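Q: My structure is below; once you've seen it, I'll send some questions.
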Amino acid sequence: DSLGDFAKETLDDITLAPYGQQADQDPGGLGEVRFEWDQGKLYRISGGAGRGAAQIPLRQLVVPKKYQCDLLKIGHNIPLAGHLGHRRTLHRLTQSFFWPGLSGDVRDYCRTCEICQRVGKRGDRAKATLRPLPIVGEPFRRVAVDLIGPLAVPSTTGKKYILTVVDYATRYPEAIALRNIQAETVAGALLQIFSRVGFPQEILSDQGTQFTAEVTQQLWKLCGIKPLYSSPYHPQTNGLCERFNGTLKQLLRTFTLSHKDWERHLPHLLFAYREVPQE
């Protein structure tokens, strides 16, 4: 059976032998990093020892060579993974798995990913914040809002735009596909988002007509939201949304190569971004 095969591969993999020996010699050990057997599978346990009941140890399945490539594909390629870079792919995998050289394998896999190379991913470009705003620590007190589009590949329902909203305190993003960017459409989409996450006290946007129109101003007034606007000459003030938009557009370019219905995968891409802690 598959469980028996996995257990056999673990025993036969010479690169894992030192960890198996450590588990044999110190079963149930209390070290900062230790290994233990459980039903034929080897686990790496780290953290938790001597730190109180609130500290939860990280339990990682030790993976033999035969299965490592499959996990790299799952951790990077599938829609819920999002073809993100080395750091985020590594974080996702290390929450559950361990093998010697994992970080280097993830780096090499991401660098040689055919789809990422075809899309031509670039490193993040640092942008100066020209009009810094006070730091906000309360979730959804201040949000940034922006628009993406028109996209080169419309969704199967004919939508070519995406409204994005990012929370300043938590960096939590929301995104909704739109057929057009008329003020009424944008206001309705914002109301849909706020009905889920709550109404912010402040909202930062550019000075596009979608955000300065009468219908949008009425929405701000009715909901008690203070509008903040970035300078038309210095849109970097809304850098939080710009950075997220850049990542989301990169993910969309990646997935439209093999998934024409990007709108259906938008929740998956958001999950991939949200899953990794933001800096």
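Q: Just add up the charged neighbours of Tyr172: K/R +1, D/E -1, any other residue whose Cβ is under 12 Å from the Cβ of Tyr172.
A: 0
Q: Okay, next question. For each of Leu266, Leu190, count neighbouring Cβ atoms within 10 Å of the residue's Cβ, then give the residues from fewest to most.
A: The fewest-first ordering by Cβ neighbours comes to Leu266, Leu190.
Q: Could you please report the charge total around Phe211, scoring K, R as +1 and D, E as -1 over all other residues with beta-carbon less than 14 angstrom from its beta-carbon?
A: -3
Q: Considering only the other residues whose Cβ falls under 11 Å of the Cβ of Gln22, what net charge follows from Lys and Arg at +1 and Asp and Glu at -1?
A: With Lys, Arg at +1 and Asp, Glu at -1, the net is -1.
Every read-out reported here was derived from the displayed coordinates using simple, explicitly stated rules and does not represent laboratory data. Every value quoted in this text rests on a predicted model; they were computed, and no experiment measured them. Ideal geometry is used to build each Cβ from the backbone, glycine not excepted, and the neighbour counts take in all protein chains shown.
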